[in-house]
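*Asks:* One structure coming up, written as structure tokens, with questions to follow.
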Amino acid sequence: MRRILIALISSVLALTLSACGAGFNASTRQVTQVTDGVESAITKDGNNIKLRNILVVETALGAGVLVGTLVNSNSDDDALLGVAINGQVATITGLNTVNENMPVTFEGASANAKAVVPVLGAKAGSHVQVTLFFARAGEITVQAIIRAAIDQYAGVSA
């Protein structure tokens, strides 16, 4: 009887101390996004374009400015044909060719492109659709959060 009790206690301790008893709702399984922006990718038909930290900043005058990075991990270059924010076509300036491992960055210290809609039509804190159109990869739509042009986004302007 004593051996059975020791084996039972050892089993219970092993399960609880190794966190195996936490089940499917263990805190280590609850991974959360660490940025405000959304991430997505186009990986169909041999394409491999990644969208990183995509969000929209609402300026003081109500314009919408795209923030984020595009990365092409494919050896074939692609072209960014257009961007639509909240159903409106954005004006794109700067780099629009997405070369292999050469990021296209919208806003920030290393920005090499800009996409702006003059009237966003939504307020900070809500979400809007952002659609990017590529020559080879097609299109991708994400639901991006709108941030106000304060704090780390204070330098973002139309």
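Nothing in this text is a laboratory measurement; each read-out follows from the coordinates by a stated rule. Being a predicted model, the structure only gives us computed values, none of them experimental. Note that each Cβ is placed from the backbone with ideal geometry, even for glycine, and that neighbours are counted across all protein chains shown.
*Asks:* How about Lys123: which aspartates and glutamates have a C-alpha closer than 17 Å to its C-alpha, ignoring those fewer than 8 places off in the same chain?
*Replies:* Asp36, Glu58, Asp151
*Asks:* All other residues with a Cβ under 15 Å from the Cβ of Ser10 taken together, and with Lys, Arg as +1 and Asp, Glu as -1, what is their net charge?
*Replies:* Every neighbour counted, the sum reads +2.
*Asks:* Taking the Cα centre of the chain as origin, work out the dipole magnitude from +1 charges on Lys and Arg Cβ and -1 charges on Asp and Glu Cβ, in debye rounded to 20.
*Replies:* Roughly 820 debye for the chain.
*Asks:* If you don't mind, there's one more thing I want to ask. What ³J(HN,Hα) values, in whole Hz, does the Karplus curve 6.51 cos²θ - 1.76 cosθ + 1.60 give for the range 116-127 when θ = phi - 60°, with x put for Gly and Pro?
*Replies:* So the J values, rounded to whole Hz, are 9, 10, x, 10, 6, x, 8, 10, 4, x, 9, 10.
*Asks:* Net charge around Ala124, counting only other residues with Cβ within less than 14 Å of its Cβ (Lys, Arg = +1; Asp, Glu = -1)?
*Replies:* That sum, taken over residues with Cβ under 14 Å, equals -1.
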